[in-house]
Amino acid sequence: MEGLTGMRAVVLLFLLSAACVSGAAEMRSWTLVDGQTFEARYLSVLGRNVLMENGKGTQKKIALEQFSADDREFFELENPPEFKMGIRKKSKLRQFSSRFGPRSIDGIPVVQLYTFGARVEKRSAGDYNHEVNIEIFVIGAQLRHNNKYILLDRQTSSFVPSKENKHSHEFWGPKTVRVEEYAINYYESRGKKYDTYLIILTDKRGKVIATKTPSKWLLENLENLKNLPVGSFMDTTCTRVYPGRPKAELY
């Protein structure tokens, strides 16, 4: 009880200082385990302490266990662990003509049948007993047309890292994605190919906590990407466009 009484005095002093300044957008109310509330800005978690700042800019450390369960959950969500992420893909080649090896000069396509998924693993120490939502975007490219891309697949899943699942989760989409390529002569191909991906992790609040992609333009234009239906053609701003037309051939 002495520790709590001492903490009460610190918080009361902190509260009186904060009351001198009002209207700060980042200020919010916090609750201690004894029901006392105060206004402050959250800065960071330092070990078992929370660093707070009042309206006058004075910083104080308050023990994490002194906060209510709801506030402790907030701090946990604001400090997500590190995650290792990777795209998963399985493919099966369906070759309709083998007259000229892996491509057909007759224009008969070679088809790759893909199934896409992802694997996510919590890598940092400590418990994180909160749901992690996973969303993947799989992007293809139109051959012979620069900056013409296709949203091949989009999948979602979720998990709570735990000892039972070894703090990891792997999932596969239920659909097979068909990607065709065909040759019009010995050295030139047309059609589509798998190109890149984007993985987004969000917490229970919908806040992004981790991302992975080889193509930064996908992340930079995420809101546009989210509005595209699967199968859409797009440019590097993730704006929907028409597919590129075949170029005229000279004979």
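FYI, it's all coordinate maths here, none of it is from the lab. Note that the coordinates shown come from a computational prediction; the quantities given were computed from them, not determined experimentally. We place every Cβ from the backbone using ideal geometry, glycine too, and count neighbours over all the protein chains shown.
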* **Integer Hz, Karplus 6.51/-1.76/1.60 couplings in order for the range 48-61, x for Gly and Pro** => 9, 10, 10, 8, 10, 9, 7, x, 8, x, 7, 9, 9, 9
* To do: Taking amide H positions as placed in the peptide plane 1.01 Å from N, state which residues far from ALA63 in sequence (5 or more) or on other chains have amide H under 5 Å from it.
  => VAL50
* Once label points are set 7 Å from the Cα along Cα→Cβ at both LYS193 and THR115, what is their separation, rounded to one decimal in nm? -> 2.5 nm
* Quick one: if you stick a label point 7 Å off each Cα along the C-beta vector at ARG28 and THR239, how many nm between them? -> 3.6 nm
* Asked: How would you classify the range 22-62 from its alpha-carbon gyration tensor, with a ≥ b ≥ c the square roots of the eigenvalues: rounded for a/c under 1.5, else prolate if a/b is greater than b/c, otherwise oblate?
  -> oblate
* **Computed lengthening from ASN146 to HIS130, 0.36 nm per intervening residue step minus Cα-Cα distance** => 1.6 nm
* **Cβ crowding within 10 Å averaged over residues, with 44-51, 129-136 ranked highest first** => 129-136, 44-51
* Asked: Under 12 Å from the 7 Å Cα→Cβ point of ASN224, by amide nitrogen: which residues of the range 124-167?
  -> 148-149
* Structure fact -> With the 8 Å Cα cutoff and a minimum separation of six or more residues, the range 83-234 has a relative contact order in percent of 27 percent
* Quick one: which residues, 5 or more positions from LYS193 or on another chain, have an amide H under 5 Å from its amide H? H modelled 1.01 Å from N in the peptide plane, none for Pro or chain starts. => ALA141, LEU143
